[in-house]
1. Quick check on this structure: which one of V161, V145, V174, V154 is under 22 Å from P289 (Cα atoms) and crowded, with 21+ Cβ neighbours inside 10 Å?
2. For E107, only one of the following conditions fails: (1) exposed (fewer than 15 other Cβ atoms within 10 Å of the Cβ); (2) modelled with pLDDT of 70 or more; (3) among the acidic types (D, E). What is its number?
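The values are calculated or read from the model by the stated rules, or taken from the named source; none is laboratory data. Just so it is clear, the structure is predicted and the values come from calculations on it, not from any experiment. Because the Cβ atoms are built from the backbone with ideal geometry, glycine has one as well, and the counts that use them run over all protein chains shown.
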Amino acid sequence: MGRKKSSAASGLAALFILSVVSVTLFTIYVKEGDCAQEQGSCGPLHTVQLGAAEVLQPARSVFASLFEPLQRASESVQGAFDNSKEERLERELQNTHALAAEASRLERENARLHELLKGQRSTYEYGPLARVVAPVGDQFTQRIVINEGTEDGVESNRPVVIGENTLIGRTTEVSKHTAQVMLVTDQMFAAGVRIIPPAEFDPASGELSPAVTDEDVSYGQGLLQTNLEGYLGVDLVSTSARAEEGDYVVTSGRAGDLELLFPPGLYVGKVESVTSQDIDQFKKIVVEPAMNPQDLEEVRVITDWAGRNG
């Protein structure tokens, strides 16, 4: 028991002495001042501190050299995680843009198809909405192929339209699932037409003014066809008949006493120019077609209409 008390007393005494020495050394260190501020006046404690720093400098350099690759590796790993996060966010942003673009495209497509379908008349019977699958022809012919045929109720010599009321041509060769369409600009195409003032016809709805249907009207009538020079025009229009630039050209449904292949009132285009000479019997009329063959995507075949014979 005596040895344990003696050891504890010695430990307390040593701790007291160390505390006194530490306080004394700290006081002396503070009173010595800063060597950087008072050059040449370093006290012994500051001198010992500087010497120890110089002795330990090589060891610090060694440790810095050893830990520098580890620090660079850590920074690389952190950078990789940061880049991965940025790449993920970039992919998500691109996907968001792609989805927005697709939604916009589908909205435009839906609006376009709705526009195509809303113009159907109750006096017409239509085949299904058909897609243009291929062009056909050469410099003398302008024709297309659509993906509807006899299985869909399509027959030859039927009007083909786009939009609400625009004639683009008529069917010719028809198979079970496809049909060839001769466009109005083909040199073999012909249709009886009437030239109507803008105030008397609505191209969107195809509604004709009642005055236009009178038998004694003086509005020009003739045969729509493309000449050898490639101009779409109306032939056989009397010089005494009314026909002016900007007038509408619509199907008449007849040519003299002949029943033609089209119902009356289908919109074909506008009169681009009208010329005549005193010696001419008929006016020379050039027509700007309402349809552009390059823009054709979906079309509809009118399979039957009121008043059609056989």
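1. V161
2. (2)
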